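This report concerns only the one structure given below.
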Ligand SMILES: CC(C)(COP(=O)(O)OP(=O)(O)OC[C@H]1O[C@@H](n2cnc3c(N)ncnc32)[C@H](O)[C@@H]1OP(=O)(O)O)[C@@H](O)C(=O)NCCC(=O)NCCS
């Protein structure tokens, strides 16, 4: 099933997850430093975890409540990202990049493209995001994208097996137009 057209950025291609991602997915996702920062990533991340995740992609796409992508660099899987409906009904942006690829701007590039997809193609009014309070790199990514902090919450982390303090963020369409330079910042109207 073709799920969506790949999203091409300056250096990356974001495309549907495929069976060919399996080996790299297991290799990169089976990392405590990745799993402990995500709410739903199992740890250890086994072949069965990958098969489960890859095997549900068609059904998830058909359900119309998520866009999950493989982040690829020169044809190789380097991480995953998605926008999907959470249990409270809001669309949430999430992402992870394999540790060998950290601090090269890949998460920012992929997440910015998905943010734009969420507003441009999915026509969402707002998108939420959040990060565990000690995950400063992710806070930096989301701030650079234009997300703003809203509140704190407790969120269950599957890998840690407990609730973790989470900093919640949001971006609405007006803010998105501002950061894209398509609308004057609100302060400029005063
Ligand atoms: C968080 C994560 C996605 C960042 O990926 P990345 O590709 O390294 O991100 P980028 O290179 O685009 O940007 C990282 C930014 O954080 C900054 N950063 C990195 N480590 C930092 C730290 N310890 N404290 C503060 N800032 C930090 C970098 O300098 C960079 O900011 P800059 O562009 O202003 O220099 C990656 O570390 C990861 O996958 N972590 C595990 C999973 C995860 O945390 N996912 C997000 C869940 S909310």
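The values are calculated or read from the model by the stated rules, or taken from the named source; none is laboratory data. Predicted, not measured: the structure shown is a model, and the values here were computed from it. Please note: Cβ atoms are built from the backbone with ideal geometry, for glycine as well, and neighbour counts cover all protein chains shown.
Only residues that are surrounded by fewer than 17 Cβ atoms within 10 Å (Cβ to Cβ), modelled with pLDDT of 95 or more and away from the ligand (no atom under 13 Å from the Cβ) were counted across segment 4-21, and they come to 5.
To keep it simple, each residue is scored yes or no on (1) touching a residue at least 24 places away in the same chain (Cβ under 8 Å); (2) in contact with a helix residue (DSSP H, G or I) (Cβ under 6 Å, 6 or more places away or on another chain).
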{"position": "117", "(1), (2)": "yes, no"}
{"position": "125", "(1), (2)": "yes, yes"}
{"position": "136", "(1), (2)": "no, no"}
{"position": "154", "(1), (2)": "no, no"}
{"position": "182", "(1), (2)": "no, no"}
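Considering segment 46-66, the residues that are under 18 Å from the mean Cα position of the chain (by Cα) and not in a helix (DSSP H, G or I) include one that is surrounded by the fewest Cβ atoms within 10 Å (Cβ to Cβ), namely 64.
Pick from segment 86-133 the residues that are in a loop (DSSP other than H, G, I, E, B) and near the ligand (Cβ under 9 Å from one of its atoms): which of them is surrounded by the most Cβ atoms within 10 Å (Cβ to Cβ)?
Of segment 86-133, the ones in a loop (DSSP other than H, G, I, E, B) are 86-90, 98, 102-105, 121-125, 133.
Within this subset, residues satisfying the condition of being near the ligand (Cβ under 9 Å from one of its atoms) are 98, 102-105.
Details: 98: 21, 102: 14, 103: 9, 104: 13, 105: 16.
Here the residue is 98.
The residue that is nearest to residue 54 (Cα to Cα), among those in segment 22-42 that are away from the ligand (no atom under 11 Å from the Cβ) and touching a helix residue (DSSP H, G or I) at 6+ places or on another chain (Cβ under 7 Å), is 22.
For segment 134-190, how many residues are under 15 Å from residue 118 (Cα atoms), assigned to a loop (DSSP other than H, G, I, E, B) and touching a strand residue (DSSP E or B) at 6+ places or on another chain (Cβ under 9 Å)?
2
Of the residues screened, residue 69 is not one that is part of a helix (DSSP H, G or I) and within 15 Å of the ligand (Cβ to nearest atom).
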